[in-house]
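Undergrad: One structure, as structure tokens, below. Some questions next.
The values are calculated or read from the model by the stated rules, or taken from the named source; none is laboratory data. Since the structure is predicted, the reported quantities are computational estimates derived from the model, not experimental observations. Using ideal geometry, Cβ is built from the backbone for each residue, glycine included, and neighbour counts are taken over all protein chains shown.
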Amino acid sequence: MKRISLIILLFTGLSIFAQKGEGGMWMPNTIKQVESDMQNMGMQISASDIWNNEAPSIKDAVVQLGNGCTAEVMSDKGLIFTNHHCGYDAIQKLSTIEHNYLEDGFWANSFEEELPAEGLTVTFIEDIIDVTYEVLNGVTDSMTAKERQSIVDKNIAAIKQKNSQDKFHNFKIKPFFKGNKYFMIKRTTFYDIRLVGTPPASLGKFGGDTDNWMWPRHTIDFSIFRIYAGKDNQPAMYSPDNQPYKPKKFLKISLEDLKTNDFTMVVGFPGRTTEYLTSYAVQQKQDLRDPARVAVREISLGIMDKRMAKDKALKLKLASKHASLANYWKFWIGESQGLKKFKAVEVKQKFEAEFTKRLNQNPELKAKYGKVLPRLKELYAQLEPYAVVQDYASEIFGRNIDLPTIAMITGILEESSKNQGETYYTYAKDRYKTYILNNILKDFDKDTDKEIFAALIDFYVKNVKPEFVSPELKNALQGKTPQQLADEIYNQSLLTSKEGLDKLFATKDSKEFAKLLNEEPAAKILNAQQNWIDEKVSKPVGKINEEINDLMGKYMKAQMALFPDKLFYPDANFTMRVAYGKIQGYEPRDAVSYKPFSHLYGAIEKYKPNDPEFDLPKKYIELYEKHDYGRYANKKDGTLVTDFLATNHITGGNSGSPILNARGEHIGLAFDGIWEGVMEDVYYRPEIARSIHVTDHAVLFVIDKFANCQHIMNELTIVDHSHDKPAKPKKKKRKKFLGIF
């Protein structure tokens with residue numbers, strides 16, 4: 001009955017999204033529109049506490065870290081929290097053989113001990129200004145996509161010219177609602193960021209690839225940095241004379257016990273969602289595109305698994321690449337299955353039927369938008385023959401095999417040198433070589449790559465039409481099996497070893513480099529195949545997508561006109577968003593129910609000494625055995641809660657985002673989502689979509705009890721609205737099974 005009621009609401013104009021915003025990614029400057037719903041769910045603060053240009057608010061304490069994560073200000077001295085995996089690159093760069101901060105962790109005991117994280121930035125959002133009128137000035141509905149974009153680009157350039165920018169103070173103008181709205185985002189960027197503390201990877205990455213996208217999790221995924229500023233508290237490049245930044249706002253930490261159905265709010269910078277796709281796009285994604293990418297990666301992962309199982313050294317060498325490929329292999333399986341299970345295509349089709357019905361009842365809007373959905377259907381039918389080929393090609397020649405990537409990079413150097421001259425070649429060649437050595441050949445295994453190459457070339461030529469195989473690749477395979485071709489190429493190629501690359505990059509000028517590269521069999525065949533795909537697939541796909549994007553803007557505009565009672569939020573686009581929900585477990589399938597909290601004893605259950613994914617530091621285990629959790633223990637049962645689930649909608653870019661309670665106090669950091677709910681970026685369902693967060697109880701336990709880093713603890717503002725004494729820890733029967741107690 002409940003599901004039927006929701007469907008009736010959706011298609012009688014009283015959309016469920018008009019009644020509640022759970023699942024939405026709301027722009028903070030427009031959060032007032034869902035304030036009452038948030039307060040009805042339990043929020044005890046107001047919209048102005050979240051976004052306020054006249055007084056410090058939560059938005060002033062949430063920052064974009066680098067170009068892909070979120071962080072939050074946690075003290076009046078510019079201390080910031082983020083995820084361990086968000087700080088990973090910076091921590092890795094600071095590590096040496098003598099001081100391996102990734103493996104051992106790092107804790108500064110004074111400001112002087114904090115380490116400059118070169119290249120890391122932190123960006124604050126100062127304001128978000130609606131510039132739709134200025135950007136769309138002169139645009140008409142009768143324009144083609146190119147004509148429209150030309151005017152938009154000119155208008156944006158004019159707005160930029162009127163607003164002064166520099167390295168530290170800048171703005172971006174970004175489209176929202178498929179180009180129907182434009183906002184100018186004023187930003188301030190800090191460049192002097194220093195590492196303050198990080199747990200060892202055995203805590204920060206506990207569970208590794210095995211636990212990725214899975215619940216329960218026991219990962220203590222956090223790291224700590226500090227923003228430094230000039231003596232005027234303004235952004236400045238690194239200098240020993242810089243001072244800790246004094247923020248407008250920092251977040252307090254709550255140590256109150258977390259409970260099921262508690263209100264939660266996530267503020268961060270989510271990367272990309274596509275909630276308004278048509279049924280045609282969703283059908284293609286679930287039935288064709290996701291399975292195509294999964295099929296390619298299954299072949300690669302199967303070969304790697306087989307070889308890694310026989311060789312421990314090779315297992316370690318390929319671990320990073322294997323984890324990278326397995327990450328989205330698992331994601332795409334979950335996304336496709338979720339879309340099917342929750343009948344996303346059918347729901348989209350019903351919405352489109354209601355959309356068409358309402359459109360037909362409005363002659364004025366029908367005249368404008370009547371052809372939009374039928375034309376989108378035609379375009380996706382045109383896209384279908386290319387879509388899978390494009391996915392096969394990008395996976396095979398761009399991600400799963402290393403040799404085509406090396407060939408592509410050297411080909412770019414050749415082409416760039418031809419266009420920009422000898423000076424460019426002389427300046428750039430060492431950079432290209434260093435990149436290949438440090439980022440590809442570092443973990444490259446020739447025999448594994450060769451076996452994957454042979455298997456995937458065989459897969460490609462058998463699963464695409466002959467017109468998508470370049471003449472060069474066809475000729476190379478003439479009279480040979482893919483395995484024979486692989487043996488020939490890998491045995492002759494200069495691109496598969498440091499010695500070969502040394503020879504190639506030792507060429508005295510760009511002409512000699514080009515001559516040697518054109519004699520190189522791998523580069524010759526693989527770059528020709530990539531150029532063929534660009535011509536035969538990418539160009540027609542680009543043309544189709546250009547029209548699709550234009551029509552999606554019109555479809556979005558029509559929806560907003562035809563469903564006036566529905567609250568719309570824009571798709572994520574790496575701008576600040578607020579997502580609210582509640583702490584809640586879930587039931588992924590029949591007879592299976594997951595609770596929303598995991599505990600330290602669960603990590604001990606998973607513990608495997610010397611295992612790269614499930615090892616734990618000795619002191620961590622000792623603290624557990626003593627039940628020495630300090631004030632971070634759960635007051636009800638004395639356990640230490642490590643991670644928890646919530647219904648907040650997050651995606652890539654939200655990593656490191658603060659999750660806040662009803663009073664706007666910090667209770668943890670977002671770091672992942674559950675596998676069964678990964679379809680949420682296309683089709684959010686609150687009964688299955690769950691974000692995963694590390695608790696502040698666990699974070700502070702590690703900083704205070706495990707690391708004894710009072711340099712950090714002394715800065716934090718910790719509140720606890722419950723004064724009950726911690727209960728005596730309960731002994732659990734499972735301990736007898738573990739054998740380590």
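Undergrad: Name every residue in the range 417-431 that is surrounded by fewer than 18 Cβ atoms within 10 Å (Cβ to Cβ) and either within 16 Å of Ala523 (Cα to Cα) or of a type in the set (Phe, Trp, Tyr) (or both), in order of residue number.
TA: If the condition is that a residue be surrounded by fewer than 18 Cβ atoms within 10 Å (Cβ to Cβ) and either within 16 Å of Ala523 (Cα to Cα) or of a type in the set (Phe, Trp, Tyr) (or both), then Tyr424, Tyr427 are the ones that fit.
Undergrad: Restricting the first residue to the range 687-711 and requiring it to be at positive phi, which pairs with a second residue that is of a type in the set (Asp, Glu) and part of a strand (DSSP E or B) meet a Cβ separation below 7 Å and a spacing of at least six or different chains?
TA: The qualifying pairs do not exist here.
Undergrad: Among the residues of the range 97-104, are any touching a Phe, Trp or Tyr at 6+ places or on another chain (Cβ under 8 Å) and hydroxyl-bearing (Ser, Thr, Tyr)?
TA: No, the range 97-104 contains no residue that is touching a Phe, Trp or Tyr at 6+ places or on another chain (Cβ under 8 Å) and hydroxyl-bearing (Ser, Thr, Tyr).
Undergrad: Return the pairs, sorted by first residue and then second, in which the second residue is not small (Gly, Ala, Ser) and not in a helix (DSSP H, G or I), the first residue lies in the range 528-550 and is in contact (Cβ under 8 Å) with a residue 12 or more places away in the chain and surrounded by 13 or more Cβ atoms within 10 Å (Cβ to Cβ), the beta carbons are less than 8 Å apart, and the residues are 6+ apart or on different chains.
TA: Sorted first by the residue in the range 528-550, then by its partner, the pairs are Gln529/Val469; Trp532/Val469; Asn549/Lys178; Asp550/Thr144.
Undergrad: Taking the stated definitions as given, is Ala579 out of contact with any helix residue (DSSP H, G or I) (no Cβ under 7 Å at 6 or more places or on another chain), in a strand (DSSP E or B) and closer than 25 Å to Met25 by Cα?
TA: yes
Undergrad: So which residues in the range 141-163 are surrounded by 14 or more Cβ atoms within 10 Å (Cβ to Cβ) and among the charged types (D, E, K, R)?
TA: Result: Arg148, Lys160.
Undergrad: Looking only at the range 377-390, decide whether some residue is closer than 21 Å to Lys285 by Cα, of a type in the set (D, E, K, R) and over 30 Å from the mean Cα position of the chain (by Cα).
TA: Yes: the range 377-390 contains one or more residues that are closer than 21 Å to Lys285 by Cα, of a type in the set (D, E, K, R) and over 30 Å from the mean Cα position of the chain (by Cα).
Undergrad: Right, something else. Among the residues of the range 255-273, is there at least one that is at pLDDT 95 or above, of a type in the set (Val, Ile, Thr) and out of contact with any strand residue (DSSP E or B) (no Cβ under 8 Å at 6 or more places or on another chain)?
TA: yes
Undergrad: When you go through (1) touching a residue at least 40 places away in the same chain (Cβ under 8 Å); (2) in a strand (DSSP E or B) one by one for Ser593, which number turns out not to apply?
TA: (1)
Undergrad: Filter the range 156-209 for residues that are small (Gly, Ala, Ser) and within 25 Å of Ala236 (Cβ to Cβ); which is modelled with the highest pLDDT?
TA: Applying the filter and picking the extreme gives Gly197.
Undergrad: Filter the helices (runs of 4 or more DSSP H) completely within the range 421-540 down to those with at least 3 residues that are under 30 Å from Gln382 (Cβ atoms).
TA: 446-463, 471-477, 521-533
Undergrad: Oh, and also: Scan Leu136, Leu120, Leu203 and give me the residue that is within 30 Å of Asn610 (Cβ to Cβ) and in contact (Cβ under 8 Å) with a residue 24 or more places away in the chain.
TA: Leu203
Undergrad: Here are Ile604, Ile583, Ile621: which of them is over 29 Å from Ala319 (Cα atoms) and surrounded by 14 or more Cβ atoms within 10 Å (Cβ to Cβ)?
TA: Checking each option against the conditions leaves just Ile583.
Undergrad: Please state which one of Asp443, Asp402 is surrounded by fewer than 21 Cβ atoms within 10 Å (Cβ to Cβ) and either outside the structural domain of Asp534 (by TED's automatic domain parsing) or closer than 24 Å to Arg293 by Cα (or both).
TA: Asp443
Undergrad: Of the residues Thr426, Thr410, Thr356, which is closer than 18 Å to Leu551 by Cα, in the same structural domain as Val296 (by TED's automatic domain parsing) and of a type in the set (S, T, N, Q)?
TA: Thr356
Undergrad: Does Gly138 meet the test of being on the phi > 0 side of the Ramachandran plot and either surrounded by fewer than 16 Cβ atoms within 10 Å (Cβ to Cβ) or β-branched (Val, Ile, Thr) (or both)?
TA: When the stated conditions are applied, Gly138 passes them.
Undergrad: Next question, about the same structure. Assuming His99 fulfils every condition listed in (1) modelled with pLDDT of 95 or more; (2) surrounded by fewer than 23 Cβ atoms within 10 Å (Cβ to Cβ); (3) not in a helix (DSSP H, G or I) apart from one, which condition is it?
TA: Going through (1) modelled with pLDDT of 95 or more; (2) surrounded by fewer than 23 Cβ atoms within 10 Å (Cβ to Cβ); (3) not in a helix (DSSP H, G or I) one by one, His99 breaks only (1).
Undergrad: Can you tell me which residue in the range 701-717 is farthest from Glu665 (Cα to Cα), limited to those that are in contact with a helix residue (DSSP H, G or I) (Cβ under 9 Å, 6 or more places away or on another chain) and charged (D, E, K, R)?
TA: Filtering the range 701-717 for residues that are in contact with a helix residue (DSSP H, G or I) (Cβ under 9 Å, 6 or more places away or on another chain) and charged (D, E, K, R), the one farthest from Glu665 (Cα to Cα) comes out as Lys705.
Undergrad: Name the one entry in Glu395, Glu415 that is among the charged types (D, E, K, R) and touching a residue at least 40 places away in the same chain (Cβ under 8 Å).
TA: From the options Glu395, Glu415, the qualifying one is Glu395.
Undergrad: Select, from Asp458, Asp447, Asp430, Asp443, the only residue that is modelled with pLDDT under 95 and over 27 Å from the mean Cα position of the chain (by Cα).
TA: Exactly one of Asp458, Asp447, Asp430, Asp443 is modelled with pLDDT under 95 and over 27 Å from the mean Cα position of the chain (by Cα), namely Asp430.
Undergrad: Residues that are aliphatic (A, V, I, L, M) and closer than 30 Å to Ala707 by Cα: which strands (runs of 3 or more DSSP E) entirely in the range 146-254 hold 2 or more of them?
TA: The strands (runs of 3 or more DSSP E) meeting that bar are 192-198, 223-229.
Undergrad: Being under 17 Å from Met560 (Cα atoms), in contact (Cβ under 8 Å) with a residue 60 or more places away in the chain and outside any helix (DSSP H, G or I) is the filter here, so list the residues in the range 329-372 that pass it.
TA: Asn362
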